[in-house]
1. What residue among Ser236, Met275, Ile250 has its Cα farthest toward the positive end of the dipole of region 210-277, where the charges are +1 on Lys, Arg and -1 on Asp, Glu, each on the Cβ?
2. For region 27-156, what is the charge dipole size about the Cα centre, in debye to the nearest 20, if Lys and Arg each add +1 at the Cβ and Asp and Glu each add -1 at the Cβ?
3. Which aspartates and glutamates does Lys186 reach when only Cα atoms under 14 Å apart count, and residues fewer than 8 places away in its own chain are ignored?
4. May I ask you to compute the full-extension gain from Leu311 to Arg77, defined as 0.36 nm times their residue separation minus their alpha-carbon distance, rounded to one decimal in nm?
5. Go through Ile133, Ile111, Ala98 and say which Cα lies farthest out towards the positive end of the charge dipole of region 95-140; charges sit on Cβ, +1 for Lys and Arg, -1 for Asp and Glu.
6. Using only the Cα atoms, what convex hull volume per residue in Å³ does the chain have?
7. Divide, for region 1-150, the radius of gyration over alpha carbons by 2.2 N^0.38 Å, where N is the residue count.
8. Does anyone have the angle between helix 358-376 and the longest principal axis of the chain? Alpha-carbon axes, 0 to 90°, nearest 10?
Amino acid sequence: GKKEILSEQKIKELNKKCEELARKGQRVLATAYKILRITNLNELRIENEIKDLTFVGFIALHDPIRKEVKEAINICRQAGMRPIIVTGDHKLTAKAIAEELGFRTKEENIIEGSDLEKLNDEEFGKRLENIEIYSRVEPHQKLRIVRAWQERGRVVAMTGDGINDAPALKQADIGLALGSATDVAKESSDLILLTDNFSVIVAAVEEGRAIIDNIKKTVTLLVSQCFSEIILVGASIIGGIPLPILPAQILWENLIEGSPQGIALAFELKEKDIMQRKPEDPQTPLLTREMKTIVFGFGIFTDFILLGLFLWLLNRGLPLAEIRTIIFAALAIDTLFYAFSCKNLRKNIWQYNPFSNLYLIGCTIFSLAMLLIAVYIPLFQNLLKTVPLNLFDWFLLLGLGIINLILIEALKRHFIIRRQTEI
């Protein structure tokens, strides 16, 4: 039919239609065409030809949000992470998607790239905390957004897929490229999401927290064991008394009685409240104040008890070999009890199932069996200079183990109460 020049009224109607589609969360593309009388494509200059086009219509694309994304966003917020939408889409499209995902969508929470460009750094800094949705954003503005948050001391993770995203992905503390991203974006990022699924990011954070937790549990157990032995031997040398435990026995303690439990704690299942915690400061040392208190407090208290026991048994006239065997067995049993306390440093032993880790149970049975072998099998008696223990000795060792367990749980309780008070 006859071509018409779009009137102001018609343009308003089309803009209104475009906004209606955008409000539904749809991406809108306008299409137009132009007939060119060019035989040689090398002579074509697109920038010169984008005028006098014939408008055809709109194409509305609906890309539904995956079911798991909303839940993943909620978990992010519970875990102390703050999701922010930065998109090149229309403001109304971004707003519709954001509303569905539970973002704040008032005027102060949304900004377009053109308005962001008008703000200086000071003005942007004042609005930064409130803005949750950035629409029609240019590549250099993504970089500005990342830097603004980093200047506030936040750790920033950013996802992107295009060449233009590369600078911001590189600047972010954690750059996440989509599996479908360009090679430039992938090379600029730290991680690549093979499934293009946001929930993978949340799962990775959860897994990372579980790994750090288990490292802390293992370190607490092994360092505490070594510290106890150092103090015990050091005190005896300074005091000029016989060694309470021999080098071969120490080696046995570390390799056979303590290491299996330390390895088993690496397979500890993630704690239920792991994604309800606030993120830890990246500068926080691996050995926290709580861990140091448990390690050194437990170690010193245990050594006082064992040194006192050693001197008492010496005064009673017991053979030195039997006394050393008792101290050797006491350290081993302390480690067995202690491992079950280290399963969870944020809860007391009665608040979780201490027998949930089958690896730990298996390693405990193995270590206990090896302790009995070390004490009762003649070959190992000669190797480790041990002697058989009687029933009274075992009751004494069990009592010491329970006392140490009570001490550890009391220390944990102190930190649990203090943590709750701080919250």
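The values are calculated or read from the model by the stated rules, or taken from the named source; none is laboratory data. None of these values were measured; they are calculated from a predicted model. As a convention, Cβ positions derive from the backbone with ideal geometry for all residues, glycine included, and neighbour counts pool all protein chains shown. Accessible surface is based on the protein model in full, side chains and every heavy atom, while ligands, DNA and RNA are left aside. Shrake-Rupley method; radii C 1.70, N 1.55, O 1.52, S 1.80 Å.
1. Of the candidates, Met275 comes out farthest on the positive side.
2. Dipole magnitude for region 27-156 comes out near 260 debye.
3. Asp161, Asp165, Asp196
4. Going from the current span to full extension adds 78.6 nm.
5. Ala98
6. It is 216 Å³ per residue.
7. Relative to the rule-of-thumb radius for its length, region 1-150 sits at 1.33.
8. 20
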